[in-house]
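Report on the following structure.
The values are calculated or read from the model by the stated rules, or taken from the named source; none is laboratory data. Values in this document were obtained by computation on a predicted structure and should not be read as measured data. Here the Cβ positions follow ideal geometry from the backbone for every residue, glycine too, while neighbour counts run over all protein chains shown.
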């Protein structure tokens, strides 16, 4: 069963979000094994990550092996982040690279 995982961290700064992304890029594949979609960004307030996984186990493995160490490397903690999960019933995406720009 595919799942969607949404993480929101209101304490995270834009700089920390960029550092987390750099750490994740350096620690393994940009699209982690078992992931179908990985979307991250920062806004006001904080950072957000939306991921879609083949299974809850694949998501949990990513949290343990890559995300928690990335947070630690940046000097922040996963404690206090909001994490929501739900079963994915459908996933579609367009070609974002070929999209026309105004």
Please work out if residue 80 is over 23 Å from residue 93 (Cβ atoms) and loosely packed, with under 12 Cβ neighbours inside 10 Å. yes
Give me the pairs: first residue in the range 87-102 and under 17 Å from residue 36 (Cα atoms), second residue part of a loop (DSSP other than H, G, I, E, B) and at pLDDT 75 or above, beta-carbon distance under 9 Å, and six or more apart or on different chains, which are they? 87/1; 87/2; 88/1; 88/2; 89/2; 91/2
Residue list for the range 19-41, restricted to those being in contact with a strand residue (DSSP E or B) (Cβ under 8 Å, 6 or more places away or on another chain) and either under 18 Å from residue 81 (Cα atoms) or not in a loop (DSSP other than H, G, I, E, B) (or both): 20, 21, 35, 36, 37, 38, 39, 40, 41
Could you look through the range 16-57, keep only residues that are without any contact (Cβ under 8 Å) to a residue 12 or more places away in the chain and under 11 Å from the mean Cα position of the chain (by Cα), and pick out the one that is surrounded by the most Cβ atoms within 10 Å (Cβ to Cβ)? 31
Scan the range 1-15 for residues that are closer than 14 Å to residue 76 by Cα and either surrounded by fewer than 16 Cβ atoms within 10 Å (Cβ to Cβ) or in contact with a helix residue (DSSP H, G or I) (Cβ under 9 Å, 6 or more places away or on another chain) (or both) and jot them down. 9, 10, 11, 12, 13, 14, 15
Is it true that some residue in the range 56-71 is at pLDDT below 95 and not in a helix (DSSP H, G or I)? no
